[in-house]
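S.K.: Sharing a structure here in structure tokens format.
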Amino acid sequence: MTAIATDSNISRQSPLSVDRFCSVARTVEILSDAWMFLVLRESFFGARRFEHFQSRLQLPRNTLVIRLNKLTELGLMVKVGYSAGLTRFEYRLSDQGRDLYPTMLALMQFGDRWLSGNEPPPLQLVHKVCEKESSAQVACSGCHASIDPHDVQYRSGPGAGMQARDLDRKRSRRASDPEVLERVRPCSVARTLQIIGDRWSFLLIREMFFGVRRFDAFQENIGIATNILTDRLQRLTGHGIIHKQAYQSRPERFEYRFTPKGHDLYGPMIVMMRWGDKWLSDGKPPLLLRHTQCQQDFYAQVVCSECSQELFAGEMGYRLRYDLTVE
Ligand SMILES: [Zn+2]
Ligand SMILES: [Zn+2]
């Protein structure tokens, strides 16, 4: 079921070259740059012009220029002239960028469920098709039932064993302070990214969904330094995503298991994987998923909790539960 790159030198050098679920890693690389994420989020809220992004996000001009250029370069946005002489531009989502919407919804659903404390979620979705207050659910594209990780089998796809696209190595550290993510708008997606948006935390969670539980095995599989591994395991434990459990008493040894909250990250993970497979794997997904309930290969779809139809950005309304500080 695993699909690790066979060249061990590659997997030593870079965790992203380990070819499991690597489509998800690619997606997280993009979303975990806090500023890029915020610009994308505002696009989903309808922002298009430079001044709109700037006033909504209150970012330094240069920071915004860099992120808009990067998003355009990555193919997530397109720059379109709109004035008579085409001297003024707006930034619109490309098909690829718009297709990140289900990922946003899946991350939002997790944040609403686990990270809103006793408050109601900051933003209530309304599905215009069924006209009901809706939440996102991750479902099987074959039978439309919601997905439980225990009902999924894996096998290598046509892209297995290929080296992941070379991502920007300089961004191995967090691009910005995690608190930046909640600027202006309280946001369940941002809260979720504060937990999984860090590359190492994300890779650990991914390994755990493949059944890896022990310190040595994490080290072996993702080539992580001992001190970083210790730190990330503590952080994930602190966030209530995993817990430590003894599996041997003399000498005492531990392994890590998901809490119900951690287990619930599975939906967002397979939705991100779908996006990476569709847009970043040249039509060759590294990993194929099979739903044991319906015995079909599937990809993750995000559907309405009320009517089970697939959710699209254009068909969603919002009810905000907070005041926008800037307009
Ligand atoms: Zn199914
Ligand atoms: Zn609906």
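Since every read-out is calculated from the coordinates, none of them should be taken as a lab result. Only a predicted model underlies this, so the values are computations on that prediction, with no experimental measurement involved. When we count neighbours, we look across all protein chains shown, and the Cβ atoms used for this are built from the backbone with ideal geometry, even at glycine.
S.K.: In what sequence do Tyr266, Tyr154 fall when counting other Cβ within 10 Å, fewest first? Before the final figure, lay out the partial values.
M.R.: Working: Tyr266 22, Tyr154 16.
The order, fewest Cβ neighbours first, is Tyr154, Tyr266.
S.K.: If you don't mind, another one. Excluding Gln245 itself, calculate the net charge of residues whose Cβ lies under 13 Å from the Cβ of Gln245, where each Lys or Arg counts +1 and each Asp or Glu counts -1. Mind showing how you got there, number by number?
M.R.: Values: positive: Arg213, Arg214, Lys244, Arg253, Arg257; negative: Glu252, Glu255.
Combined, the nearby Lys, Arg, Asp and Glu give +3.
S.K.: Each label point is 7 Å from the Cα along the Cα-to-Cβ direction; what then is the distance between the points at Arg92 and Asn69, in nm?
M.R.: Simple spin-label model gives 2.4 nm for this pair.
S.K.: Okay, next question. What is the fewest-to-most order of Phe110, Phe254, Phe53 by other Cβ atoms lying within 10 Å of their Cβ?
M.R.: Ordered from fewest to most neighbouring Cβ atoms within 10 Å, Phe110, Phe254, Phe53 come out as Phe254, Phe53, Phe110.
S.K.: For Lys79, give me every one of the lysines with a C-alpha distance below 16 angstrom, ignoring sequence neighbours fewer than eight places off in its own chain.
M.R.: Leaving aside lysines fewer than 8 places away in the same chain, those within reach of Lys79 are Lys70.
S.K.: Moving on to the next point. Read phi for every residue in the stretch 57-64 and hand back ³J(HN,Hα) as whole Hz from Karplus 6.51 cos²θ - 1.76 cosθ + 1.60, θ = phi - 60°, with x for Gly and Pro.
M.R.: For the stretch 57-64, the Karplus-derived couplings read 9, 6, 9, x, 3, 5, 4, 5 Hz, x marking Gly and Pro.
S.K.: Within the set of other residues whose C-beta is less than 11 Å from the C-beta of Gly142, count the net charge using Lys and Arg as +1 and Asp and Glu as -1.
M.R.: Local charge sum for Gly142: 0.
S.K.: For a footprinting-style exposure proxy, rank Phe202, Phe45 by other Cβ within 10 Å, fewest first. If you can, show how the numbers build up before the last one.
M.R.: Numbers: Phe202 26, Phe45 14.
Fewest to most other Cβ atoms nearby, the residues stand as Phe45, Phe202.
S.K.: Quick one: which residues, 5+ away or cross-chain, put their amide H under 5 Å from the amide H of Gly142? H built at 1.01 Å from N.
M.R.: Hits under the 5 Å cutoff: Tyr299.
S.K.: Could you compute Rg(Cα) / (2.2 N^0.38 Å) for the stretch 200-285, with N its residue count?
M.R.: 1.21
S.K.: Whose amide H sits under 5 Å from the amide H of Gln296, counting only residues 5 or more places off or on another chain, with H placed in the peptide plane?
M.R.: His291
S.K.: Run the quick spin-label model on Phe45 and Asp297: label points 7 Å from Cα toward the beta carbon, then report their separation in nm to one decimal.
M.R.: 4.0
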